Amino acid sequence: MRPPRLILASGSPRRRQLLQQLGLAFEVRPSDVDERLLAGEGPAEAAKRLARTKAEHGAEAGCLALGCDTLVAHGDAVLGKPSSARGAAAMLERLSGEEHTVYTGIALASPDRVESAVEATRVWFRRLSASECAEYAATGEPLDKAGAYGIQGFGAAIVDRIEGDYFNVMGLPIRRLLQLLEGFGWRYAFGSLRPAGRAADD
């Protein structure tokens, strides 16, 4: 039985990197979805809704579409992607020495079915000076990332500790992905997908 084609409904280079790391074949087809939050919507709810919408938009026959959305929550505020280096530095100063939570919604969809989940990871930044925030922002790395940092890049130097899934902070909770694949009848076989329940030497 041939595995379905996997469609990544996201332009995120981090998500591409993680799928490549797993050795899975996939196509990149970003979904054009309005990512504005709805009135009264919390970050976990919003991340899950947006992931489902992206996956549903990418679904087609013979494929499984993977949709994801990552949001950063600090107190009552939801932090998106900064639009400038100055905005990134201000966001980093706000998170300096503080805890925040990274929520990633993840969904898999076929033309007639969609399954989704949301993962939450708590992250603590070390205390940063204003000049450190400006220096990091000037690298350009924070500009396309929710919360204005990339834990897998230079941003590793500003994280004090995390509680939860590291890959979730990168934007793709791998454990959740494998669970969703199994729900569709496919298990991860270290570089490929096999029908769930089939032995490795079948």
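Just so it is clear, none of the values below were taken in a lab; they were calculated from the coordinates. Since the model is a prediction, treat every value here as computed from it, not as a measurement. Reconstructed Cβ throughout: ideal geometry from the backbone, glycine too, with neighbour counts over all protein chains shown.
Using the reciprocal of the averaged 1/r over all distinct C-alpha pairs, how large is the Kirkwood radius of the stretch 84-173 in Å?
13.8
Could you give the dipole magnitude of the stretch 93-192 about its Cα centre, charging the beta-carbon of Lys and Arg +1 and that of Asp and Glu -1, in debye to the nearest 20? Mind dumping the intermediate values first?
Numbers: 10 positive and 14 negative charges, 44 e Å.
For this selection, approximately 220 debye.
Loop only per DSSP, at most 15 neighbouring Cβ atoms within 10 Å: give me the trypsin sites (Lys or Arg not before Pro) in the stretch 94-202, ordered by residue number.
Qualifying residues, ordered by number: Arg126, Arg127, Arg198.
Hey, got a sec? Which trypsin sites (Lys or Arg not before Pro) in the stretch 1-60 land in a DSSP loop and have at most 15 other Cβ atoms within 10 Å?
Passing sites in the stretch 1-60 are Arg36.
Using only the Cα atoms of the stretch 5-195, what do you get for the radius of gyration and for Dmax, in Å?
In order Rg, Dmax, the Cα atoms of the stretch 5-195 give 16.7, 53 Å.
I need the calculated FRET efficiency for the pair Arg161 and Met1, taking r as the beta carbon distance and R₀ as 30 Å, to the nearest 0.05.
Efficiency computed from Cβ-Cβ geometry: 0.10.
Starting from the Cα of Thr139, step 7 Å along the direction of its Cβ; do the same at Glu41; then give the gap between the two resulting points in nm.
Each label point is offset 7 Å from its Cα along the Cβ direction, giving 3.1 nm.
Looking at the stretch 1-90, I'd like the Rg to Rh ratio, where Rg is from alpha-carbon atoms and Rh is Kirkwood's inverse mean 1/r.
Working: Rg = 15.2 Å, Rh = 14.7 Å.
On the Cα set of the stretch 1-90, Rg over Rh gives 1.04.
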